Amino acid sequence: MADTAYLKQQIVNLNDIKKLKKRDSIFTKIADQYGNPPNWKRDQGFVSLCRIILEQQVSLMAAKAHFIKLNSYLKGISPRKILKLTDKEMLECQISRQKAIYLRELASAVIDKRIIFNRMENQDALETKKQLTGIKGIGDWTYDIYLMFCLQKKDIFPFGDIAIINTIKELYSLKTLEEIKILAENWKPYRSLAAYFFWHYYLRKRNR
């Protein structure tokens, strides 16, 4: 039998789904059409955050290919290995110059202990945001995705995610980000779950 306490910590769990559906019938419609979303989860730490950085402003397929190539070349990603890579080696791994800078900045922050990942789970979200977004290349979207996927924080909403914003515009016939922000207030404290539903809809509709 699954550990009940563990399931409650997940973004996607039946109790929260029931509560979210009561707040907004759109989630019932999505579930009826495509089922409930999977509980996307990644390990906490440096490797996952590197992957999220690689996913900035590119398709998930392209980012995955770049991540696999980098991981294979290094035989396992670590801060010290990232810092040893030359610009040429980064490019050979299909890492752009800009993202190479971001990965090195993150690696340096970990080595200098400006970031300590195993403290973040129980840390105040604002403190975590201050630490992460203080690193070049980590903005709100990257912070949001890390908190959702790696820390399983339940009330995060990535307003910078184009796929989610376009999906909401489609489903609700909304036009502006301000309208979407007002709408999202209805989903508190389950906004991460709402985001998972919209990603699920977006991917399944496109057979991904």
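Where a number appears in this text, it was derived from the coordinates with a stated rule and is not lab data. Remember, predicted model here, so these are calculated numbers, not experimental data. Here the Cβ is made from the backbone with ideal geometry for all residues, glycine too, and neighbour counts use every protein chain on show.
In terms of overall dimensions, the C-alpha atoms belonging to segment 46-150 reach 39, 29, 21 Å along their principal axes, ordered largest to smallest.
Counting Lys and Arg as +1 and Asp and Glu as -1 over every other residue whose Cβ lies under 11 Å from the Cβ of Y73, the net charge comes to +1. Taking other residues whose beta carbon is less than 14 angstrom from the beta carbon of E121, and scoring Lys, Arg as +1 and Asp, Glu as -1, yields +2.
If R0 equals 41 Å, the separation of the Cβ atoms of N207 and L126 corresponds to a calculated FRET efficiency of about 0.55. Other residues with beta-carbon under 10 Å from the beta-carbon of D155 carry, at +1 per Lys or Arg and -1 per Asp or Glu, a net charge of +4.
Would you kindly state how much longer the chain becomes between T86 and A62 on full extension, computed as 0.36 nm times their sequence separation minus their alpha carbon distance, in nm to one decimal?
6.5 nm
Computed on the Cα atoms alone, the convex hull of the chain gives a volume of 139 cubic angstrom per residue.
Taking a straight line from the alpha carbon of K130, these lysines sit under 21 Å away, with near neighbours fewer than eight places off in the same chain left out: K99, K113, K153, K154.
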